1. Please find, within segment 1-59, the residue that is modelled with the lowest pLDDT out of those that are more than 14 Å from Val70 (Cβ to Cβ) and among the acidic types (Asp, Glu).
2. Could you list, ordered by first residue, the pairs with Cβ atoms under 6 Å in which the first is in segment 18-47 and under 11 Å from Leu62 (Cα atoms) and the second is polar (S, T, N, Q) and surrounded by fewer than 16 Cβ atoms within 10 Å (Cβ to Cβ), at least 6 apart or interchain?
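The values are calculated or read from the model by the stated rules, or taken from the named source; none is laboratory data. Model, not experiment: these values are computed from the prediction. All Cβ positions, glycine included, derive from the backbone under ideal geometry; neighbour counts span all protein chains shown.
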Amino acid sequence: MINTKNPHTDELIKLVPNFTNHYADVNGVKLHYVMGGQGEPLVLIPGYPETWWAYHKVMPILATKYHVIVVEMRGMGNSDKPIDGYEKKHGQRYI
């Protein structure tokens with residue numbers, strides 16, 4: 001059984017049939033996303049403090065009609081996090 005309280009993404013994705021993990025470099029930031037299904041693209045973006053797992057129950061249903069892409073925003077889940085935080089004094093750019 002997989003511990004969903006503190007799981008590794010590679011283990012969690014096994015619980016969502018026909019979905020896979022991916023990473024994209026966006027302006028020097030590695031973003032994690034999960035995708036599956038076929039059809040028109042449907043992008044889901046979890047709100048703070050959620051990760052892609054927030055949609056795990058609806059993803060297979062949506063995937064019957066759409067190509068579902070769930071993106072973890074910068075600093076969330078397995079996407080890159082700034083080393084110095086997000087304070088204005090550090091000059092972090094938001095994407």
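1. Asp10
2. Going by the 6 Å Cβ cut-off, the qualifying pairs are Gly36/Asn18.
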